[in-house]
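Notes for the one structure printed next.
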Amino acid sequence: MDTRSFKNSIYKEIASITKALGNPHRLEILDLLAQGPAPVEYIAEHTDLTVGNASQHLQVLKNARLVDAERKWKYNYYSLANQNVFETWCSLRRLGYSQNAELKQKIEDYRRDRKSLRIISPLELMEKMKNQEVIVLDVRPEEEYNIAHIVNAISLPQKDLEKRLNELPEDMEIVVYCRGPLCLAADESVLLLKKRGFNASRLEKGFPDWAAQNLPIEKAG
């Protein structure tokens, strides 16, 4: 193989990965799988796709070596192929913010419309946790919490939050987190908490970003 053919083959392989990433549904699937392995039925339910469509997107991601599949009982469980896939997704997010002023403005406007939505950094949360000044609330679905979560976090899925507010102390600051910076469950949960008189804020990003910084987590088993 000559030099030009060799280079073209390399570019072609890389292009197959970027092509697989060029779909909003597949990016959302990667965001979900950053929480941990999941079967196609769960992925479909939480991305508003049919099982058939979710399966097709997963096959594209699998062919591009971005996700792996493992058979457990009667289900195929999908997971990110490795940490590089999550880091690539994070880089795409950052690139989108930096190169697309309209996208950045849209996100800022969304949070500005929610007025006093306070966002705190992982390091600030760590300090509050050390001083026992805060309750950490995980509003992801319970299945994702059970895979892994921030150490000592309480599971209270967004769908159950309003009817379980009486379980939360009113004299403690509450920091809410979900899947990541594009997950609006944390934003909506903070708004509800603040309306009900709680001192609440949201974590800057989400669980996978926290874990990627080697901050303390708890895993199943």
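The values are calculated or read from the model by the stated rules, or taken from the named source; none is laboratory data. Nothing here was measured: the structure is a model prediction, and the numbers come from that model. Cβ placement follows ideal geometry from the backbone for every residue including glycine, while neighbour counts extend to all protein chains displayed.
Can you confirm whether segment 30-47 contains a residue that is at pLDDT below 95, of a type in the set (Asp, Glu), part of a helix (DSSP H, G or I) and not assigned by TED's automatic domain parsing to the domain that holds LYS205?
No, there is no match, as no residue in segment 30-47 is at pLDDT below 95, of a type in the set (Asp, Glu), part of a helix (DSSP H, G or I) and not assigned by TED's automatic domain parsing to the domain that holds LYS205.
Can you name the residue in segment 5-29 that is modelled with pLDDT of 90 or more and of a type in the set (S, T, N, Q) and is also farthest from GLU142 (Cα to Cα) among such residues?
Restricting attention to segment 5-29, the residues satisfying the condition of being modelled with pLDDT of 90 or more are 17-29.
Okay, now just the ones that are also of a type in the set (S, T, N, Q), so 18, 23.
On the way: THR18: 32, ASN23: 27 Å.
By that ranking, first place goes to THR18.
Looking only at segment 135-184, how many residues end up being assigned to a helix (DSSP H, G or I), in contact with a Phe, Trp or Tyr (Cβ under 9 Å, 6 or more places away or on another chain) and of a type in the set (A, V, I, L, M)?
1
If only one of VAL139, VAL151, VAL175, VAL134 is within 14 Å of the chain's Cα centre (by Cα) and modelled with pLDDT of 95 or more, which one is it?
Result of the check over VAL139, VAL151, VAL175, VAL134: VAL139.
To keep it simple, each residue is scored yes or no on (1) within 16 Å of LEU184 (Cβ to Cβ); (2) not small (Gly, Ala, Ser).
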{"site": "ASN76", "(1), (2)": "no, yes"}
{"site": "TRP89", "(1), (2)": "no, yes"}
{"site": "ARG94", "(1), (2)": "no, yes"}
{"site": "LYS106", "(1), (2)": "yes, yes"}
{"site": "ALA153", "(1), (2)": "no, no"}
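Of the residues that make up segment 94-109, is at least one within 22 Å of ILE14 (Cβ to Cβ), of a type in the set (Lys, Arg) and crowded, with 16+ Cβ neighbours inside 10 Å?
No: segment 94-109 contains no residue that is within 22 Å of ILE14 (Cβ to Cβ), of a type in the set (Lys, Arg) and crowded, with 16+ Cβ neighbours inside 10 Å.
Among the residues of segment 75-91, is there at least one that is assigned to a helix (DSSP H, G or I) and without any contact (Cβ under 8 Å) to a residue 40 or more places away in the chain?
Within segment 75-91, one or more residues are assigned to a helix (DSSP H, G or I) and without any contact (Cβ under 8 Å) to a residue 40 or more places away in the chain.
Filter segment 157-169 for residues that are surrounded by 10 or more Cβ atoms within 10 Å (Cβ to Cβ) and in contact (Cβ under 8 Å) with a residue 24 or more places away in the chain; which is nearest to the chain's Cα centre (by Cα)? Spell out how you get there, then give the answer.
Just the residues of segment 157-169 that are surrounded by 10 or more Cβ atoms within 10 Å (Cβ to Cβ), to begin with: 157-162, 164-165, 167-168.
Then drop every residue that is not in contact (Cβ under 8 Å) with a residue 24 or more places away in the chain, which leaves 158, 161-162, 165, 168.
Values: GLN158: 14, LEU161: 19, GLU162: 22, LEU165: 24, LEU168: 24 Å.
Across segment 157-169, the extreme among qualifying residues is GLN158.
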